[in-house]
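Down below is the structure, laid out as structure tokens.
Where a number appears in this text, it was derived from the coordinates with a stated rule and is not lab data. None of the values given here were measured: they were computed from a predicted structure. Glycine gets a Cβ as well: all are built from the backbone with ideal geometry, and neighbour counts include every protein chain shown.
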């Protein structure tokens with residue numbers, strides 16, 4: 001199984017970033033508009049449509065306000081995976097910025113590169129939506 005992990009500093013208050021992530025049915029409006037073009041909630045599953053046409057059904061596994069973390073797994077849609085589990089978490093930095101960590105475990109391993117490219121693009125859009133870039137993605 002491959003792991004894709006990115007950490008990015010975002011020039012926005014951690015509570016503002018978490019509020020956008022936590023509003024998990026509004027990704028296309030509040031977090032990553034243009035990268036995600038539609039999000040629908042069907043029970044505890046969100047159906048996410050990306051700009052390039054991929055549609056994924058994501059089961060929200062955990063939504064934790066205390067740790068500002070969401071975890072989700074792809075359970076259907078057009079992305080052909082054996083396993084996909086991801087989490088997003090927001091940490092406060094001392095200067096009022098946010099440290100954003102996005103981790104995805106995926107199988108088959110051959111999906112690590114395209115998933116990594118999608119994560120990188122998503123972070124660029126999130127930075128543009130909620131704050132300016134503050135250092136490299138790691």
For the chain, Kirkwood radius (reciprocal of mean inverse C-alpha pair distance, Å): 14.9 Å
Cα centroid separation - region 18-50 against region 79-105, whole Å: 15 Å
Three-way shape label, region 1-81, alpha-carbon gyration tensor, a/c 1.5: rounded
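Do the sum for the chain: with -39,500 (n - 2.57) for every DSSP H run of n ≥ 4, divided by all residues, what is the mean residue ellipticity at 222 nm, to the nearest 500 deg cm²/dmol?
Numbers: 2 runs with 28 residues, N = 138.
Mean residue ellipticity, 222 nm, calculated: -6500 deg cm²/dmol.
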Helix 112-130 axis, angle to the chain major axis (alpha carbon atoms, nearest 10°): 40 degrees
Order of 88, 118 under a 10 Å beta carbon neighbour criterion, fewest first: 118, 88
